[in-house]
Amino acid sequence: MLNTPPSWNWYVLGLTVRWMLDEGGVAEFACRTARKAALLYAAIDGSGGFYRNEVAAVARSRMNVPFFLHDPALDPVFLAEARQAGLIGLKGHRVLGGMRASLYNAMPEAGVQALAEFMREFQARHG
């Protein structure tokens, strides 16, 4: 065949879809995503300005949550301490800076809870 179907990719997709259906399907994953986003936005919005998200609440993403610290000089400290706490992949856009937490389906709620708790502890130490 000149165009071999990507059978490995289809196989993995099948396993993923089966797992998602077993977990409750699209409705369940929508609920999980909403809970994760609400948890993280609550940590940001409840920080008294230590963390900020400049996106209007009605337009906020439930998958990628950007946020900034009140003092950009704390960004490298935040990232280093987060890495030490096992929280990786939080560095924001290379042009805009700040932080970005991705809440895709593979991210468990416990991971978002750990990030929110780390953010509260970081604020207590550096705020």
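Coordinate-derived values only; no laboratory data. Here the structure is a predicted model, which is why all the values come from computation and not from measurement. Counting neighbours? That spans all protein chains shown, and the Cβs are built from the backbone with ideal geometry, glycine included.
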Quick one: would you say ARG62 is exposed (fewer than 11 other Cβ atoms within 10 Å of the Cβ) and of a type in the set (D, E, K, R)?
-> no
Subset of region 95-110, residues over 25 Å from GLY49 (Cβ atoms) and either part of a helix (DSSP H, G or I) or of a type in the set (S, T, N, Q) (or both), comes to ASN105, GLU109, ALA110
Which one of GLY92, GLY86 is in a strand (DSSP E or B) and farther than 15 Å from ALA37 by Cα?
-> GLY92
Do we find that ILE44 is exposed (fewer than 14 other Cβ atoms within 10 Å of the Cβ) and within 19 Å of GLY111 (Cβ to Cβ) in this structure?
-> no
Within region 1-31, which residues are within 23 Å of the chain's Cα centre (by Cα), surrounded by 11 or more Cβ atoms within 10 Å (Cβ to Cβ) and among the β-branched types (Val, Ile, Thr)?
-> THR16, VAL17
Taking the condition under 17 Å from the mean Cα position of the chain (by Cα) and free of Cβ contacts under 8 Å to residues at least 60 places away in the same chain, does ALA57 pass?
-> yes
For ALA34, are the conditions met, namely being part of a helix (DSSP H, G or I), within 30 Å of LEU13 (Cα to Cα), within 13 Å of the chain's Cα centre (by Cα) and not charged (D, E, K, R)?
-> yes
Would you be able to say whether some residue in region 22-42 is without any contact (Cβ under 8 Å) to a residue 60 or more places away in the chain, within 18 Å of ALA114 (Cβ to Cβ) and touching a strand residue (DSSP E or B) at 6+ places or on another chain (Cβ under 8 Å)?
-> yes
By residue number, the members of region 112-127 that are in contact (Cβ under 8 Å) with a residue 24 or more places away in the chain and farther than 14 Å from LEU74 by Cα are VAL112, GLN113, ALA114, LEU115, ALA116, PHE118, ARG120
(1) surrounded by fewer than 15 Cβ atoms within 10 Å (Cβ to Cβ); (2) touching a strand residue (DSSP E or B) at 6+ places or on another chain (Cβ under 8 Å): which one isn't true of ALA124, the others all being true?
-> (2)
In region 76-125, how many residues are of a type in the set (Asp, Glu) and over 15 Å from SER47 (Cβ atoms)?
-> 2
